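A.B. asks: Encoded as structure tokens, here's the structure I'll be asking about.
The values are calculated or read from the model by the stated rules, or taken from the named source; none is laboratory data. All figures in this text were calculated on a predicted structure; none of them were measured in a lab. Using ideal geometry, Cβ is built from the backbone for each residue, glycine included, and neighbour counts are taken over all protein chains shown. Each accessible area value is taken on the protein alone, full model and side chains, heavy atoms only, with ligands, DNA and RNA left out. Shrake-Rupley method; radii C 1.70, N 1.55, O 1.52, S 1.80 Å.
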Amino acid sequence: MNNNKAIMQDMIREIQTETQSISMMEVCGTHTMAIAKSGIRDLLPDNIKLISGPGCPVCVTAQGDIDAVIELVNQQDLILATFGDMMRVPGTSSSLQEARGKGADIRVVYSPMDAVEMASNYPTRKVVFLGIGFETTAPTVGASIEAARAMQVKNYFVLSLHKLVPPALEVIFSDPDIKVDALICPGHVSLVIGLNPYRELAEKYHKPCVITGFDDEDILQGILMILLQFKQNQARAEIQYRRAVKEKGNPVAQSVLKRVFKEVDTRWRGLGQIPGSGLEISDEYSDYNARYKFAIPDIEDIPIKGCSCGEILTGKISPHDCPLFGSACNPLNPIGPCMVSHEGACAAYYRYTPLRGEIE
Amino acid sequence: MCLGVPGRIISISENNTAVVDVNANQIEISIVLTPDAQMGQWVLVHAGFAMQIMDENEAEESLALMLELQKIRETFSYEQ
Ligand code: SF4
């Protein structure tokens, strides 16, 4: 480990010699958290910026979709099963947590399989699992639907709000207002999708994309791999996080995605409607689709007053630039999802760098 | 939310379930997405599923790559 420490110091020194101005986006919320915790941002020279991106699934869920879920939970005989991250996300009139306080049956699960089990234990109730998450999570939800069918559990439904990362990256690279020269690509989404989607992006936009792990040394190495590409005037897709990410990704998980879901257009907080960026349950599994079983209202996105999450999710501003950051908005009294979610940029900055501003 | 934690498989039972040790906690997970997972292997666990088999050799290689990079960097700094 000491050896690693010495290498890390060398890596930091090496990064500090870089003179070009380069901004890199860490796409993934887990990276945002890891980078904030490590203090790496402060060790970088001024010309190298790390910008937080749209990779917090809770944060990018559209406001209208959250409001629709809050309406759904009041249906009779319904149990909503969800990952804990969603509980405190503010809808326009309430959060799931508040809805539970008023009597809705909402249960936090660790795995979608727990929700299938719940459905089998309560055959007279309808269990709806709230499908939030990117390519990392969607295969687990897909597998839960296949398991429900195999177990002949017929009262399990999924409301899929799953999203795909590469189409959002395409939007980021195409937006002239967002200055991103390279991507620190999400380690765990890439477990599933592999290197190919980034190859296309790197080539099309001529920007380096490096799939990076979450330890401090992984992140520093990922940054160096990007800088090296700049020195060579190249833009490749590469894997730093080799111990977990294979070039082809996980073909079994990919085939679950293909069978259980179909790609649809969907809207993101901050990024708007993105073609082909959503996963809806495929026709083959439509009897598990909560949208067919329940009337799920189509609600317009009403922006949260004063909250700049949208701009933060696209790297246009830093959490420190939001006038509410740390004062009116803090983890005890979060105004927007970027402060609620553990891996939201506002929450990460509040926890580790509450005072300084990094992006001028 | 895309958090993944490494766990070591300590037993595999029928219907694609396995028990993994994650930081000395034993949890039951599904290995339906990593059907090749074997006893003793490290897997990356997310939402109750193994998402990928981890490769310890690659971790070593990653360190080797880091050292390799360092050499390349040195070459570059000399050139400048
Ligand atoms: S600090 Fe709060 S109000 Fe401001 S952008 Fe972040 S979540 Fe929204």
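A.B. asks: Give a residue-ordered list of calculated ³J(HN,Hα) values for the range B:29-34 (Karplus: 6.51 cos²θ - 1.76 cosθ + 1.60, θ = phi - 60°; whole Hz; x for Gly, Pro).
C.D. replies: Values, residue by residue: 10, 9, 10, 5, 8, 10 Hz.
A.B. asks: Also, quick follow-up: Tell me, what is the percent relative contact order of chain A, built from C-alpha pairs under 8 Å that lie six or more residues apart?
C.D. replies: 22
A.B. asks: Summing -39500 (n - 2.57) over the DSSP H runs of n ≥ 4 in chain A and dividing by its residue number, what mean residue ellipticity at 222 nm do you reach, to the nearest 500 deg cm²/dmol?
C.D. replies: Helix contribution divided over all residues of chain A: -11000 deg cm²/dmol.
A.B. asks: How much length, in nm to one decimal, is gained on full extension between A:Lys179 and A:Glu311, taken as 0.36 nm per residue of separation minus their Cα-Cα distance?
C.D. replies: Going from the current span to full extension adds 46.2 nm.
A.B. asks: Which of the helices in chain A meet the span-like rule: DSSP H, Cα axial reach of 20 Å or more, Kyte-Doolittle mean at least 0.0?
C.D. replies: TM-like helix candidates: A:216-231.
A.B. asks: Cysteines without a disulfide-compatible partner in chain A, using Cβ under 4.7 Å as the rule?
C.D. replies: A:Cys28, A:Cys185, A:Cys209, A:Cys307, A:Cys322, A:Cys329
A.B. asks: Whole-Hz ³J(HN,Hα) for each residue in the range A:184-190, computed from phi via Karplus 6.51 cos²θ - 1.76 cosθ + 1.60 with θ = phi - 60°, x for glycine and proline: what do you get?
C.D. replies: 8, 7, x, x, 8, 4, 6
A.B. asks: In terms of the Cα gyration tensor, with a ≥ b ≥ c the square roots of its eigenvalues, is the range A:241-360 rounded because a/c is under 1.5, prolate because a/b exceeds b/c, or oblate?
C.D. replies: Working: a/c = 2.64, a/b = 1.56, b/c = 1.69.
The shape class here is oblate.
A.B. asks: Roughly to the nearest percent, how much of the accessible area of the range A:207-360 is carbon and sulfur, given a 1.4 Å probe?
C.D. replies: About 51 percent, which is the carbon plus sulfur part of the accessible surface.
A.B. asks: Step through the residues of the range A:329-340 one at a time and calculate ³J(HN,Hα) from phi using the Karplus curve (6.51 cos²θ - 1.76 cosθ + 1.60, θ = phi - 60°), rounding each to whole Hz and writing x for Gly and Pro.
C.D. replies: Here the 3J(HN,Hα) series is 10, 8, x, 7, 9, x, 9, x, x, 5, 9, 6 Hz.
A.B. asks: Only counting protein heavy atoms at a 1.4 Å probe, give the residues of the range A:94-139, ordered by number, whose accessible area falls by 20 Å² or more when the other protein chains are present relative to the chain alone.
C.D. replies: Residues passing the criterion (a loss of at least 20 Å², heavy atoms only) are A:Tyr110, A:Ser111, A:Met113, A:Thr136, A:Thr137.
A.B. asks: What residues in the range B:1-32 lose 50 Å² or more of accessible surface when the other protein chains are added to their chain alone (1.4 Å probe)?
C.D. replies: B:Met1, B:Cys2
A.B. asks: For the interface of A with B, what's the total buried accessible surface in square angstrom, probe 1.4 angstrom, rounded to the nearest hundred?
C.D. replies: It comes to approximately 3400 Å² buried between A and B.
A.B. asks: If you roll a 1.4 Å probe over the range A:46-178 with all protein chains in place, what percent of the accessible area is carbon or sulfur?
C.D. replies: Answer for the range A:46-178: carbon and sulfur cover 47 percent of the accessible area.
A.B. asks: Now, a different point. Counting alpha carbon pairs within less than 8 Å and at least 6 residues apart, what relative contact order, in whole percent, applies to the range A:163-209?
C.D. replies: Working: 24 pairs, mean separation 19.8, N = 47.
Value for the range A:163-209: 42 percent.
A.B. asks: Just the accessible area per residue of the range A:229-360, please: how many Å² with a 1.4 Å probe?
C.D. replies: Value returned for the range A:229-360: 50 Å² of accessible area per residue.
A.B. asks: Continuing with the same structure: Just to be sure I understand the interface: list residues from the range A:180-198 that lose 30 Å² or more of accessible area between the chain on its own and the complete protein assembly, 1.4 Å probe.
C.D. replies: At a threshold of 30 Å² (probe 1.4 Å), the residues of the range A:180-198 that become less exposed are A:His188, A:Leu191.
A.B. asks: Roughly how many Å² is the accessible area per residue of the range A:1-153, as a whole number, for a 1.4 Å probe?
C.D. replies: Values: 5650 Å² over 153 residues.
Roughly 37 Å² per residue, with all protein chains present.
A.B. asks: Here is a follow-up. Under the definition of partner shielding as Cβ atoms of other protein chains within 10 Å of a residue Cβ, what is the mean value for peptide A:239-249? Walk me through the intermediate numbers first.
C.D. replies: Numbers: counts 2, 4, 3, 9, 13, 12, 5, 4, 0, 0, 2.
Going residue by residue through A:239-249 and averaging, the value is 5.
A.B. asks: Counting heavy atoms of the protein chains only and a 1.4 Å probe, report the per residue accessible area for the range B:1-57 as a whole number of Å². Intermediate results must be reported in sequence, preceding the final value.
C.D. replies: Details: 2790 Å² over 57 residues.
On a per-residue basis, the range B:1-57 sits at 49 Å².
A.B. asks: Here is a further query. Over the alpha carbons of the protein assembly as shown, what is the largest minus smallest coordinate on each principal axis, giving the biggest first in Å?
C.D. replies: Here the spans come out as 73, 52, 39 Å, largest first.
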